[in-house]
Amino acid sequence: MIRFDQVHKRYANGREALAGVTLNIASGEMVFLTGHSGAGKSSILKLIALIERPTRGQVWVDTQNTATIRPRGIPEFRSRLGVVFQDHKLIVDRSVAENVALPLIIAGLSQREIDKRVRAALDQVGLLDKDKLRPLELSTGEQQRIGIARAVVAKPKLLIADEPTGNLDPELALEIIQLFKRFNDVGVTVVIASHDVHLIDHLNARRIVLGEGRVTGEAPPHAAQAAAQAASHASLHTASSAAGRPPAGTPR
Ligand SMILES: Nc1ncnc2c1ncn2[C@@H]1O[C@H](COP(=O)(O)OP(=O)(O)O)[C@@H](O)[C@H]1O
Ligand SMILES: [Mg+2]
C-alpha cells in the first residue's frame, strides 16, 4: 500500500527532515511511526498525503508512484485517503453532521447518499446521537472521534493519523487507538504517527522507529504485546462503555 524508496526531504529552510527512508507497508496493515519529536514522523505522513513532495527518492501509495500525480490529480488522490489530525480541524460553526459530510460534499454526492453515509460513519464512532451538536459542545475525545468519522466517511482504503491521541488522557487515547483498530480489522490500512511509546506498548501492532530522519528500528508484533493488548482490551470493556459499540457496518 505504501512504499518509500530512499526518500529524502529537505525543507526550504535547508532542514533535512528525512535522510534516506526506505519502508514498506502492506495493504491491511496497522503500523505506528514512532520516534522523538523532530524525527520525521509528520514529514512521512505529509509525503503520503501529497502535502509535501520528496526532494529525492520515490513514494508509492496504492501502487501509484506519487511523482506521477500532477497537482490537478491531487484532489482525486486525497479522496481515496482518510486523514486525522491531532487538533482534528473541525469547523466550529457547523454541526457535527455537516463536518463529517464535508468530504462527500466536495466529492459531489447526492444529499440522500451523504445523509446515509454520514449516519453510518457517526454510528461507527459511536456518536450517532450527537449529529446536530456543534464541535465545541463535545468533549475532546468526542471531537477526535468526529475527526475520525470525517476521515472514514468516504470509505478510504488508507487511513493516516498524525498524533491523533496527543491531546487526550491515556484512557481516552487507548479508546481512540482501538477505534482505529476496528477499521483496520475490516481491511483499512492504518498508519499512525505517535511519540506515545507507553500507548503503543499496549498494542500488538507493527512499529517503525524513526530517529533523525532515518528508520532506526522495527518492532514486529510479538506474543508479549499481544497478551498486553488482550489484557488492556478486557479491562477497558469492563471498566467503561465510553468506547461505544463496534462499528455497525464495515466502512467499505
Ligand atoms: N514545513 C517545514 N519547514 C521547515 N522545517 C520543517 C517543516 N516541517 C518539519 N520541519 C523540520 O523537519 C524535522 C522533522 O519534522 P517532523 O517531520 O515534523 O517530525 P516529527 O513529526 O517526528 O516531530 C524537524 O526538524 C522539523 O523542525
Ligand atoms: Mg509530528
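Judged by the ratio a/c of the largest to the smallest principal axis of the C-alpha gyration tensor, segment 110-169 counts as oblate, that ratio being 1.5 or greater while a/b is no larger than b/c.
For the set K41/K89; K41/K181; K9/K89; K89/K181; K41/K116; K9/K130, the pairs lying more than 30 angstrom apart at their alpha carbons are K41/K116; K9/K130. Each Cα pair under 8 Å and six or more residues apart adds its separation to the average, and for the chain the resulting relative contact order is 27 percent. With a sphere of radius 13 Å drawn around the Cβ of I192, what net charge do the other residues whose Cβ falls strictly inside it have (Lys, Arg +1; Asp, Glu -1)? Here the charged neighbours net out to 0.
GNM remark for the chain: springs join alpha carbons under 10 Å apart, and the peak mean-square fluctuation among G40, G126, G14 falls on G14. With the cut-off at 24 Å, report for the chain the share of all Cα pairs above it, as a whole percent. Counting every Cα pair in the chain, those more than 24 Å apart make up 46 percent. Gain on full extension, evaluated as 0.36 nm per residue between R15 and L136 minus their Cα-Cα distance, stands at 39.9 nm.
At an R0 of 25 angstrom, the distance between the Cβ atoms of R70 and A26 translates into a FRET efficiency of 0.40. At a Förster distance of 51 Å, what's the computed FRET efficiency of R53 paired with D129, Cβ-Cβ distance as r, to 0.05? With R0 = 51 Å, the Cβ-Cβ based efficiency is 0.75. Stokes-Einstein diffusion for segment 16-118 at 25 °C, viscosity 0.890 mPa s, with a Kirkwood radius from C-alpha pairs, works out to 152 µm²/s.
Per residue, the average separation of C-alpha pairs within less than 8 Å and at least 6 apart gives segment 38-126 a relative contact order of 15 percent. Percent of C-alpha pairs per 10 Å bin in segment 136-175, short distances first: 28, 53, 19, 0.
Projected label points at K46 and F77, each 7 Å from Cα along the beta carbon direction, are separated by 1.5 nanometres.
This model, with +1 at the C-beta of Lys and Arg and -1 at the C-beta of Asp and Glu, gives the chain a dipole about its Cα centre of some 920 debye.
Counting charges near L47 (Lys, Arg +1; Asp, Glu -1) among other residues having Cβ under 9 Å from its Cβ returns a value of +2. List the DSSP H helices in the chain whose Cα atoms stretch 15 Å or more along the helix axis and whose mean Kyte-Doolittle hydropathy is at least -0.5. Those that pass (Cα extent of 15 Å or more, hydropathy at least -0.5) are 96-107, 140-152, 170-185, 223-239.
Since every read-out is calculated from the coordinates, none of them should be taken as a lab result. Keep in mind that this is a model prediction, so the values were computed, not measured. When we count neighbours, we look across all protein chains shown, and the Cβ atoms used for this are built from the backbone with ideal geometry, even at glycine.
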